[in-house]
Amino acid sequence: MKTKRLFFIFNLLCSFSLPIIAQEKGFPIPSGNSKQLFYLQRTPNKNTIVYELNYKNGEIDSEEPVHGFWIRYQEEGQKEDLNYIQRKFAYGLKTKKIAENQYEISFVSYKKYKMFLRMGADKKFHLYTTINQLTAELTSIYLKINGGAFWTPNIEYVDIYGVDPTNRSVMKERMKI
């Protein structure tokens, strides 16, 4: 009984540690959106892109199952759709249906990084990816940009955050691209 209680407390602490990681960088944590899958933050400001499930007529939209939009924290915290250039060349997603309610997803700007939208054991949709060679539910991505130009930013590193779908432990991987 004592072991179960310790395991429960450990998992509870792990589930709250992702917001703590993001707060250490001084970035706000988007919340209150039951359709949110993950969010992306990057230098040079705190504006955040939220990626959420996209429904059409009560079903996952097979044309665009994941929709991204800005939360403009640097302004008034308003929501704003990605513009054409952002969708087509940077933060937009490319989607391929691989089975009923299952999709392979990648960023238009980095097709090598694969994510998979599918229903989890909890009967909710999650975006799965690989973190440290293990399957994880993606929760956030942080891009450290160090100079460069508009079309070719110098991405110093990318931090990928997620949780293990079986034990809910926090997972993180830093990628150099």
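The values are calculated or read from the model by the stated rules, or taken from the named source; none is laboratory data. What you see is a predicted model, and the numbers here were worked out from it, not measured in a lab. Note that each Cβ is placed from the backbone with ideal geometry, even for glycine, and that neighbours are counted across all protein chains shown.
So here's what we get for this one:
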item: Residue in the range 35-57 that is nearest to residue 147 (Cα to Cα), counting only those that are part of a strand (DSSP E or B) and among the polar types (S, T, N, Q); result: 45
item: Qualifying residue in the range 62-78 (condition: under 27 Å from residue 168 (Cβ atoms), outside any helix (DSSP H, G or I) and touching a Pro at 6+ places or on another chain (Cβ under 9 Å)); result: yes
item: For residue 107: the one exception among (1) touching a Pro at 6+ places or on another chain (Cβ under 6 Å); (2) closer than 22 Å to residue 61 by Cα; result: (1)
item: Qualifying residue in the range 59-80 (condition: closer than 22 Å to residue 176 by Cα, out of contact with any Lys or Arg (no Cβ under 7 Å at 6 or more places or on another chain) and among the aliphatic types (A, V, I, L, M)); result: no
item: Scope the range 43-93; condition among the aliphatic types (A, V, I, L, M) and exposed (fewer than 15 other Cβ atoms within 10 Å of the Cβ); matching residues; result: 85
item: Tally, over the range 38-62, of residues that are without any contact (Cβ under 8 Å) to a residue 24 or more places away in the chain and more than 11 Å from the chain's Cα centre (by Cα); result: 7
item: Residue pairs meeting the criteria (Cβ under 6 Å; at least 6 apart or on separate chains; first within 14 Å of residue 129 (Cα to Cα), in the range 159-171; second among the basic types (Lys, Arg) and surrounded by 15 or more Cβ atoms within 10 Å (Cβ to Cβ)); result: 161/172
item: Per-region count, the range 136-156, residues closer than 16 Å to residue 112 by Cα and over 16 Å from the mean Cα position of the chain (by Cα); result: 1
item: Selected residue [at pLDDT below 95 and touching a strand residue (DSSP E or B) at 6+ places or on another chain (Cβ under 8 Å)] from 65, 19, 28; result: 28
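This table checks each residue for (1) touching a Lys or Arg at 6+ places or on another chain (Cβ under 7 Å); (2) among the hydroxyl-bearing types (Ser, Thr, Tyr); (3) under 22 Å from residue 29 (Cα atoms); (4) at pLDDT 95 or above.
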{"position": "128", "(1), (2), (3), (4)": "yes, yes, yes, yes"}
{"position": "133", "(1), (2), (3), (4)": "no, no, no, yes"}
{"position": "141", "(1), (2), (3), (4)": "no, no, yes, yes"}
{"position": "147", "(1), (2), (3), (4)": "no, no, no, no"}
{"position": "151", "(1), (2), (3), (4)": "no, no, no, no"}
{"position": "165", "(1), (2), (3), (4)": "no, no, yes, yes"}
